[in-house]
Amino acid sequence: MSMKPEPQIYCVGGAIRDELMGLPSNDLDYVVVGATPDEMLRQGYTAVGQDFPVFLHPQTHAEYALARTERKTSKGYTGFAVHFDVDVTLEEDLARRDLTINAMARGVLSDGSLSADLVDPYHGQDDLEHKVLRHVSPAFVEDPVRILRLARFAARWPDFTVAPETMGLMQDMVKNGETDALVAERTWQEISRGLMEDTPSRMFVVLRECGLLKQWLPEVDALFGVPQRADYHPEIDTGLHVMMVIDKAAQMKLSLEARYGALCHDLGKGNTPAEVLPRHTGHESRGLPLIDSLSKRIKATKDCCEFAKKLSQDHTTFYYLPELKAGTVLDVFKRTDALRRPERFIELLRATQADIWGRGGDFSNALTPWFDQWQRLLKTVQKLDISEIVSRFTSEPHKIPEALHQKRCETIAPLLQTWQNA
Ligand code: CTP
């Protein structure tokens, strides 16, 4: 009778990839080979996995998963048969992972340190060296979220290319309906993480090439091939412009809301009537229902959706400031809720700056978000003493809003005048 070998613990996945890239990794994942769930519990681990056995280390609380294989049994996110057993090998566990660069492991030694020997049956180190995102095995198709993960990694490391066979596989997945069953929450989780990477455009370029953009974000896909006026947009193509704007927003370290806004600010250009092109009169408000439907489909947060709509509605108004009447400026403050949320208002101006910089030429002289001027107007309105108006209309409170509007207009009009005359 043969003795069951001692369980072996390996550190796997992103942590090994990051270590080889010289990057810090705060998320360590471990795989245990040759152990039963009972053995894990006896050693003090706590069981947490719902669909497959994952345990938390009694002291460090790091995650330890039993080596497993997965087999798709039906379409959709939950159609998996998970097989875990003491005889599942490390190589089998690594084979079910998404990318070769994520399918490497190092043994954990008895003192807790990692072995110098790299377990790399799918040549992840080669792909890391050549900067290639490549699937490990045909099992890639079993989880459509992997397309989004791959696109997100492309946004993180823009000099990585997608292996042609992996792109082919992803295109087939979209065509064969494998991505119909993507769970919207997971879509948003990956897209929002990708937007926060250094070069978000790469994510959308990859998604476009495999067809997922057209399926899940058709409002964004529709922008490619739509011309704009060359005098304001030397890059001509609206899709290209939007890609430049989201990368600018990332360079400027803008918030997630602002980056999503950058992605959505010109959606209205996607349905400009052909006879008006390359002008896009009215695209600001035409974008609003498109932002609503996109945000609903991919479950973008309410804050992101709201920010995007406000940016779509007013990004052009911001840079026409010297031409605006005082009443229009107040309308903008009202629409953007600037008095109550001044920091978001400033972020809207920053996103507008990204829109100006994200073009195929330098428009610093022609267009500006008028940062200082908008902020000065806002401060002036905020500081205005309204007690006199309130007391004047105590018996007719319904007249307060009109009187307030009047007073605000009178106060900011001279400021506007100075910039108009300048
Ligand atoms: N994994 C996978 N398929 C998925 C999700 C995860 O194959 N859909 C595997 C990969 O081997 C991955 C590991 O599980 O490296 C850990 O996943 P996770 O912690 O989500 O991602 P990381 O690769 O660590 O990436 P990040 O740095 O973005 O967290």
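The values are calculated or read from the model by the stated rules, or taken from the named source; none is laboratory data. Computed from a predicted structure; not experimentally measured. Methodologically, a virtual Cβ is constructed for each residue, glycine included, from the backbone with ideal geometry; neighbour enumeration extends over all protein chains shown. In case anyone asks, the SASA skips ligands and DNA or RNA and just uses the protein heavy atoms, side chains included. Shrake-Rupley method; radii C 1.70, N 1.55, O 1.52, S 1.80 Å.
Residue-by-condition table, conditions (1) modelled with pLDDT under 95; (2) basic (Lys, Arg):
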site	(1), (2)
275	yes, no
278	no, no
289	no, no
298	no, no
312	no, no
322	yes, no
327	no, no
334	no, yes
338	no, no
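Can you tell me which residue among 51, 87 is within 15 Å of the ligand (Cβ to nearest atom) and out of contact with any strand residue (DSSP E or B) (no Cβ under 6 Å at 6 or more places or on another chain)? Break it down into steps so the answer makes sense when it comes.
Numbers: 87 fails: within 15 Å of the ligand (Cβ to nearest atom).
The unique qualifying residue is 51.
For the range 167-183, give me each residue that is touching a residue at least 60 places away in the same chain (Cβ under 8 Å) and either surrounded by 17 or more Cβ atoms within 10 Å (Cβ to Cβ) or touching a helix residue (DSSP H, G or I) at 6+ places or on another chain (Cβ under 6 Å) (or both).
Narrowing the range 167-183 to residues touching a residue at least 60 places away in the same chain (Cβ under 8 Å): 177-178, 180-183.
Hits for the range 167-183 are 178, 182.
For every residue, the table says whether it meets (1) in contact with a Ser or Thr (Cβ under 7 Å, 6 or more places away or on another chain); (2) of a type in the set (S, T, N, Q).
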position: 254; (1), (2): no, no
position: 288; (1), (2): yes, no
position: 293; (1), (2): no, yes
position: 302; (1), (2): no, no
position: 323; (1), (2): no, no
position: 337; (1), (2): no, no
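So residue 101 fits all but one of (1) buried (at least 18 other Cβ atoms within 10 Å of the Cβ); (2) assigned to a loop (DSSP other than H, G, I, E, B); what number is the exception?
(2)
So, in the range 1-48, exactly how many residues are away from the ligand (no atom under 16 Å from the Cβ) and crowded, with 19+ Cβ neighbours inside 10 Å?
Initially, the range 1-48 is screened for residues away from the ligand (no atom under 16 Å from the Cβ), giving 1-8, 34-47.
Next, from what is left, pick out any that are crowded, with 19+ Cβ neighbours inside 10 Å: 34-35, 40, 45.
Going through the range 1-48 one residue at a time, the tally reaches 4.
Would you confirm whether or not the range 142-154 contains a residue that is modelled with pLDDT under 95 and open to solvent by 20 Å² or more (accessible area, probe 1.4 Å)?
So far as the range 142-154 goes, yes, one or more of its residues are modelled with pLDDT under 95 and open to solvent by 20 Å² or more (accessible area, probe 1.4 Å).
Those residues that are under 15 Å from residue 102 (Cα atoms), touching a helix residue (DSSP H, G or I) at 6+ places or on another chain (Cβ under 6 Å) and of a type outside the set (D, E, K, R), I need them from the range 126-144; list them, please.
Across the range 126-144, the qualifying residues are 128, 133, 135, 136, 137, 140.
Within the range 137-165, how many residues turn out to be more than 20 Å from residue 200 (Cβ to Cβ), more than 10 Å from the ligand (Cβ to nearest atom) and not in a loop (DSSP other than H, G, I, E, B)?
Number of matching residues: 4.
Tally the residues that are buried (at least 19 other Cβ atoms within 10 Å of the Cβ), under 10 Å from the mean Cα position of the chain (by Cα) and farther than 19 Å from residue 248 by Cβ, restricting the search to the range 189-209.
The qualifying residues number 1.
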